[in-house]
Amino acid sequence: MIKLAIAAALALMVPAASLSASERLPEPPRLGIDADDISVIGISSGGYMATQLAVAWPERFSGLGVLAAGPWSCAQGTLRRALGQCMTTRLGPPRLDELALRHQDYLERDLVGAPRALAGLRVFVWHGDADDTVSPTLGSALAEQFRDWLEDPDRQLHLLESEGIGHGWPVGHRGEPLPATTLTDCRGGGGTHLLACDLDIAGEALGWLHGDLVPPGEDRPRGELMRFDQAAMQDAKGLDDAGYLFVPEGCREGGCGLTVALHGCAMGASQLDETFVRHNGLNEWAASNRRVVLYPQAETSLANPQGCWDWWGFAESTWQLNPLHDTRQGTQVRALMGMIDRLEETPDS
């Protein structure tokens, strides 16, 4: 999914239309989210962005889940590296020593979080061994990178590699039948990138990040899936007009945890409508365990026709030789943290 997005990055297309005044959506609600119980999980370009968030603001997250993506700051602000080292490895594997120096430089300029906070994260890394979009070796490289950062990686880090699974988000069997067009072949990927595998990756990831959880029932998840106005939250490049939020019953009064879920390229609402936000399995687990799920949405544009998250610098100023997309100053990082800030505020009366 990333490969198609970047290869077509200069292709002409009509950007998604903005919402009209009559269609304007509400701002996200104030939910009094538990600030000590926030995780972020992402797939593909969303996995790269999830890691950028967690490294920039580790004190704000308790857990990080990364599916089918590689090391933090892998592209180092260049499209060439993004294509040749962070999807395929035809230019050689990413140099973790170079990335360590980049991280140290950011630390000295207060552009990422303190090592002590980063060392306390719980981290879940998953990759399918049949992934022909992002090399499975890159997931292993991400795990190796975090082994150097975490206080006790044997207890905090879980690397799961699955045989015969391609590029996407595996969805295991659940009680409620899914629409016939929702799932894609487990090994082949493509399509919706929701893979028909015997693997509930949402449950695997949340279970590692948050401990013993109550399994979901077979009914529809009890809660509300709402659209909200992303444009009202910030002035950021590359975000769609509307985002999504799943709020379980009882979470309007405050005290629930939060999981930020970041889609991959070609998986946003502008391409797949609500397929990802409804059918990835997170909402079921969230409803059973008092967790709100935030689904920010990247937009399609001339520079980003597949609606990827910015993990190589396209959303920053065009004159920047060294874009700060992977720091606290990154425009999309700031926007996403602004959404979290809003959800942490005291619930509306």
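The values are calculated or read from the model by the stated rules, or taken from the named source; none is laboratory data. Source: prediction; values computed, not measured. Cβ sites come from the backbone with ideal geometry, for glycine too, and all protein chains shown count toward neighbours.
Considering only the stretch 223-232, how many residues are part of a loop (DSSP other than H, G, I, E, B) and loosely packed, with under 14 Cβ neighbours inside 10 Å?
First pass over the stretch 223-232, keeping only residues part of a loop (DSSP other than H, G, I, E, B): 230-232.
Now drop any that are not loosely packed, with under 14 Cβ neighbours inside 10 Å, which leaves 232.
Final tally of qualifying residues: 1.
Output yes when any residue across the stretch 94-114 is more than 27 Å from GLY338 (Cβ to Cβ), at pLDDT 95 or above and in contact with a Leu (Cβ under 8 Å, 6 or more places away or on another chain), and no when none is.
yes
Can you pull out every residue in the stretch 181-213 that is part of a loop (DSSP other than H, G, I, E, B), touching a Lys or Arg at 6+ places or on another chain (Cβ under 8 Å) and of a type outside the set (D, E, K, R)? Talk me through it step by step, then tell me what you get.
First, pick out the residues of the stretch 181-213 that are part of a loop (DSSP other than H, G, I, E, B): 181-183, 186-193, 197-200, 211-213.
Retained after the next criterion (residues that are touching a Lys or Arg at 6+ places or on another chain (Cβ under 8 Å)): 200.
Once the filter is applied, which keeps residues that are part of a loop (DSSP other than H, G, I, E, B), touching a Lys or Arg at 6+ places or on another chain (Cβ under 8 Å) and of a type outside the set (D, E, K, R), the stretch 181-213 yields nothing.
Considering only the stretch 253-286, how many residues are in a helix (DSSP H, G or I), crowded, with 23+ Cβ neighbours inside 10 Å and out of contact with any Phe, Trp or Tyr (no Cβ under 9 Å at 6 or more places or on another chain)? Before you say what the answer is, go through the steps one by one.
Initial filter on the stretch 253-286 (in a helix (DSSP H, G or I)): 253, 269-272, 275-279, 282-286.
Narrowing the set further to residues that are crowded, with 23+ Cβ neighbours inside 10 Å leaves 269, 276-277, 282-286.
After this cut, where a residue has to be out of contact with any Phe, Trp or Tyr (no Cβ under 9 Å at 6 or more places or on another chain) as well, the list is 284-285.
Adding up the residues that qualify gives 2.
Which of the residues spanning the stretch 287-305 are farther than 21 Å from GLU249 by Cα, in contact with a helix residue (DSSP H, G or I) (Cβ under 9 Å, 6 or more places away or on another chain) and in a loop (DSSP other than H, G, I, E, B)?
Kept after step one, since they are farther than 21 Å from GLU249 by Cα, are these residues of the stretch 287-305: 297-305.
Narrowing the set further to residues that are in contact with a helix residue (DSSP H, G or I) (Cβ under 9 Å, 6 or more places away or on another chain) leaves 297-300, 304-305.
Within the stretch 287-305, GLN297, GLU299, THR300, ASN304, PRO305 meet the criteria.
Mind checking which pairs have a first residue in the stretch 58-69 that is at positive phi and a second that is among the acidic types (Asp, Glu), Cβ under 6 Å, 6 or more apart or different chains?
Hits for this filter: ALA68/ASP131.
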